[in-house]
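Peer 1: Before I ask anything, here is the structure I am working with.
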Amino acid sequence: MDDVNYATASMNEIVIEAAAQLLSAADSPSRAAVIASAIATLLPGSACIVHRYQPENELPWTALAMAGDVSIEAVQHAGDWLFEMPEQFPAEGQIYEQGGLTREDYAHLHVTRSVTTIAYLPVQQGGQIQAAIEIVLFAGSLEPEQLAEVAAVAQLTAPALLSAEAFEQKRDTLLDSLHRMSQLYDLEKSLNATLEFDAVVAMVPEKAAAMLPCQAINLWLFEGPVLRLMASAGFDPTIEVGASEVPGKGYVADMAEEGEPLLIADPDDERLRLRNARLPSESATLPVVNVLVVPLLQDDAEVGVLEAVNRAGGPFDDDDQFLLISMAETVANALKNASLMMAERKLEILKVLVQVSSEITSTLRLDRLLQIIVNSPQSVLPYELSAIALDNRGRLQLKAISGMVNLPVGDLAVGRVEKLVRWLDSEPDTLHLLWHEGSENDESAGLPPEVLQHFTETGYRTLYALPLNDDQGRVGMLIFESGDPDFLGAAQIEMVKILAGQATVALRNALLYREVPLISLLEPLMKKRAALLRTTGRRRVAYAAAAAAVGLFLAFCPLPMRLAGDAVVEPQHTVTVAAPVDGNVGKVYAHEGQRVAASEVLGTLNDWQWRANLTAAEAKYQQALLTMEDDLAHSSVRSGADRANVSYLRSELAQARARLESAQLRAPIAGVVVTPNLENAAGEHLDAGAAFAQILDLHSAVVRIAVPEGDAALLHKGERAAIKLDSYPQRTWHDVVTVVSPEAAAGDGERTFSVEVPLTNADAALRAGMSGQGKIAIGWRPAGYVLLRRPALWLWRTLWNWIGW
């Protein structure tokens, strides 16, 4: 009786301990392991396996946990060796003794010991089998009473496993929701990383396919009333990028017209049959069997459609539809931002076109016109080189290159472009040649050898050459090059074509103007001559006398001649105030813009330690001095040593005073403080030699005058100059030219030579960067030379361009 009571108490303890462990275990495998371990403990010398039964699965049985010296062949299995018909298995379980067992009966088990008994105990919940417990004994037999005791532990199995699986399902649902939220965030982040419309369109299907497992993702956008497939990711042989649909001709356009999401899960749906009819009859490609289509909405206006084809693992469901709708919202916002950027760029391009058109039509000077054409569009066209060649008796001749005022003879870059122009001379059509070097679709094999060599030598990867033709024939050719193969989009190409049309008309007019240049001069002269012939004789005499007087004045009356140019005050001399020793800035007495005198204290270093050292040195010196005087008064033999000590301490005292004096940061010159935020330097540590402040010397200034290159031959050092600055319109500075630059510099429309004029600046009125006008007096010249020199030079150059060689 006592043994029975002890066994009962032991079983109760095992059950209680198992129940406690089940409460602490969260997932079903852990709880199954607790059950198996409890049963193996309850039946010493046994092994236990807990099998979960889920009849909806193809393999309904799953081995969740094992305890003891046993393992199983397959975790997921059909369970034929468990129960052929689980619903008819006895609720009290089944025991198989050694006499009725063969090795084939437990071939699914891996054991290293002899098996004497195998028992199966079903676990039910709500009248349905939820699991089964397999017990293996390696010694002895299992009595029905013992199996009944095991059933007490088995009763905990079903609620424990079902509650754990419910928790796991909620957890998985939550994790899945978090995963989708992170995917949507990643999608929004990726799409908003660029505002290039083409890049966003290409990225949308790829990102959507990564989030929703399916055979293909298609992005449709409206082009007017037509819905066009703009991009696709995956494999959908029933449609190609660029295809279009209208309502009544496909379910995508029908859904877009209705504006409501569409889910087709039936493979036999008539709409899918029409879509699959596009497949070749002999094709073995998987047809479309289920689709999910949602609209793309921007401010309640539909702009396109997002389509998912053939979900992996079965048809689409409501969760997939919710996910695709969420993606569609993000995609629509990204497309809206990219569209706004594209519209803004088109507006910018339009503004530049208007500006370039205005500049082109404002001049008939051919050289100026060529510079406008190759340089002005660069603000919206990201090219690296633009060139223009004009037709000269049937051959193209290079006339201008962007960034070059003229074409230097022998220049390597100019030679390469001229070589390219000679090849383009025989090309009548527009050329757009690309070289995606090193990519999978390397296009170098399709490039002409001349272009490939040009790309190799220059590093460019794009050539866009556009002939300039009108009704009279070829005018020339406009060329653009860049190292970026994709620098020209659809909007940029459209702008180039418009620019080419305007340039063709302007160039033709400029060429005609050069061919008949005297018409504009001869016509008004002929009108003046006719008017003169209609006047009376007395008036003709008066006109002749006036002309003679003007001629005498121009020939014999001298006038002062001055050469004018833009004047700029050069940067002035600055002096740096540096820390003589290491230390922290204690006080600052100056600020930016303050005028200071020479040796004025600008700031101090923290000198409390140096003052203490000076006090100690003075005390030692005074003590040594008293000692020396006392020894001298008593004729002590130590007086000589005292004298040497006093001399040494005197030098130490001088050094301490010098160090204390070095704590004063003084201005070396008179001027203006130009260090920003100098007052905030208090507390900063300065190493020896580190800059503390900068002083601008305003006592003198240098003014540089840019004189046009046409007047350069008249410039000489020592000539008087007068300068008037915009900041001081009432003042004029006078001095002499000291330096004439030997090298020209590029100016606004013409090259200039600079001259330097030093000026006194006692009142510090002149500051670097001030601008104005300067005039250089070069002496007296006849009035005709002074007044008519520039028009005469222009006329001479023009005539030389027409008939000179």
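Peer 1: Treating cross-link reach as a plain straight distance, find the lysines whose alpha-carbon is under 29 Å from the alpha-carbon of residue 717, omitting any fewer than eight places away in the same chain.
Peer 2: Cross-link targets: 775.
Peer 1: Suppose every K and R has +1 on its Cβ and every D and E has -1 on its Cβ; what is the size of the dipole of the chain about the Cα centre, in Debye to the nearest 20?
Peer 2: My answer is approximately 9300 debye.
Peer 1: Once the whole set of protein chains is in place, how much accessible area is left on residue 182, using a 1.4 Å probe, in Å² to the nearest 10?
Peer 2: Roughly 60 Å² of residue 182 is accessible to a 1.4 Å probe.
Peer 1: Tell me the GluC sites (Glu not before Pro) within segment 701-805 that lie in a loop according to DSSP and have at most 14 other beta-carbon atoms within 10 Å.
Peer 2: On the way: sites: 709, 719, 743, 750, 756; in loops: 719, 743, 750.
Taking segment 701-805 and a limit of 14 other Cβ atoms within 10 Å, the loop GluC sites (Glu not before Pro) found are 743, 750.
Peer 1: What percent does the relative contact order of the chain come to when contacts are Cα pairs within less than 8 Å and at least six residues apart? Working shown, then result.
Peer 2: Numbers: 1290 pairs, mean separation 59.1, N = 805.
Here the relative contact order equals 7 percent.
Peer 1: What does the C-alpha gyration tensor say about the overall shape of segment 344-496? Classify as rounded when a/c is under 1.5, otherwise prolate if a/b is larger than b/c, or oblate. Walk me through the intermediate numbers first.
Peer 2: Details: a/c = 1.64, a/b = 1.19, b/c = 1.38.
It is oblate, given that a/c is not under 1.5 and a/b is not larger than b/c.
Peer 1: What ratio of Cα Rg to 2.2 N^0.38 Å holds for segment 89-238?
Peer 2: Working: Rg = 29.0 Å, N = 150, 2.2 N^0.38 = 14.8 Å.
My calculation over the Cα atoms of segment 89-238 gives 1.96.
Peer 1: Then there's this: Which shape class, rounded, prolate or oblate, goes with segment 676-787 when its Cα gyration tensor gives a ≥ b ≥ c as root eigenvalues, a/c under 1.5 marks rounded, and past that a/b bigger than b/c marks prolate? Mind dumping the intermediate values first?
Peer 2: Details: a/c = 2.97, a/b = 2.32, b/c = 1.28.
Prolate.
Peer 1: Using helices alone, what [θ] at 222 nm do you get for the chain, with -39,500 (n - 2.57) per DSSP H run of 4 or more residues, divided over all residues and rounded to the nearest 500? Let's see the in-between values first.
Peer 2: Working: 17 runs with 323 residues, N = 805.
For the chain, the value works out to -13500 deg cm²/dmol.
Peer 1: Of the listed values (1) 33; (2) 70; (3) 44, grab the one calculated as percent of Cα pairs over 42 Å apart from the structure here.
Peer 2: (2)
Peer 1: Is the C-alpha gyration tensor of segment 689-729 telling us rounded, prolate or oblate? Criteria: a/c under 1.5 is rounded; beyond that, a/b larger than b/c is prolate, otherwise oblate.
Peer 2: Prolate, because a/c is 1.5 or more and a/b exceeds b/c.
Peer 1: Compare 95, 35 by solvent-accessible area with a 1.4 Å probe and give them largest first, with all protein chains kept in place. Walk me through the numbers on the way to the answer.
Peer 2: Numbers: 95 40, 35 0 Å².
Largest accessible area first, the list is 95, 35.
Peer 1: For 686, 340, give the ranking by accessible area with the largest first, probe 1.4 Å.
Peer 2: Values: 686 15, 340 105 Å².
Sorted descending by solvent-accessible area, the residues read 340, 686.
Peer 1: To continue, here is another question. With Cβ to Cβ distances under 13 Å as the rule, what net charge do the other residues near residue 349 carry (K, R +1; D, E -1)?
Peer 2: On the way: positive: 345, 346, 351, 497; negative: 344, 348, 494.
My count for the surroundings of residue 349 gives +1.
Peer 1: Would you mind checking the tilt of helix 608-633 against the longest principal axis of the Cα atoms of the chain, expressed as 0 to 90 degrees and rounded to 10?
Peer 2: Tilt of helix 608-633: around 70 degrees.
Peer 1: Next up: Using a 1.4 Å probe, how large is the accessible area of residue 230, given in Å² and rounded to the nearest 10?
Peer 2: Accessible area, nearest 10 Å²: 60 Å².
Peer 1: Determine the sum of side-chain charges near residue 740: Lys and Arg each +1, Asp and Glu each -1, restricted to other residues whose C-beta is under 9 angstrom from that of residue 740.
Peer 2: Working: positive: 717; negative: 756.
Net charge around residue 740: 0.
Peer 1: Compute the signed sum of charges (Lys and Arg +1, Asp and Glu -1) over the other residues within less than 12 Å, Cβ to Cβ, of residue 768.
Peer 2: Residues close to residue 768 contribute a combined charge of 0.
Peer 1: At 1.4 Å probe size, with every protein chain present, just tell me what the per residue accessible area of the chain comes to in Å².
Peer 2: The answer is 55 Å² per residue.
Peer 1: For a quick check of your reading of the filter: which trypsin sites (Lys or Arg not before Pro) in segment 356-457 sit in a DSSP loop and have no more than 14 other Cβ atoms within 10 Å? All intermediate terms of the calculation are to be shown ahead of the outcome.
Peer 2: Values: sites: 365, 368, 393, 395, 399, 416, 419, 422; in loops: 365, 393.
Qualifying residues, ordered by number: 365, 393.
Peer 1: Using a 1.4 Å probe and ignoring any ligands, DNA or RNA, find the accessible area of residue 316 and quote it in Å² to the nearest 10.
Peer 2: For residue 316, the solvent-accessible surface is approximately 10 Å².
Peer 1: What whole-number distance in Å separates the alpha-carbon centres of segment 181-239 and segment 448-498?
Peer 2: Each part reduced to its Cα centre gives a spacing of 32 Å.
Peer 1: Given the C-alpha centroids of segment 555-570 and segment 326-368, what is the distance between them in whole angstrom?
Peer 2: 46 Å
Peer 1: Let me ask something else about it. Report, to the nearest whole %, how much of the accessible area of the chain belongs to carbon and sulfur atoms, 1.4 Å probe, protein only.
Peer 2: Details: 24310 of 44650 Å².
The value for the chain is 54 percent carbon and sulfur by accessible area.
The values are calculated or read from the model by the stated rules, or taken from the named source; none is laboratory data. The shown structure was predicted, so the numbers you read here are calculated from the model rather than taken from an experiment. Please note: Cβ atoms are built from the backbone with ideal geometry, for glycine as well, and neighbour counts cover all protein chains shown. Surface areas here come from the heavy atoms of the whole protein model, side chains and all, with no ligands, DNA or RNA. Shrake-Rupley method; radii C 1.70, N 1.55, O 1.52, S 1.80 Å.
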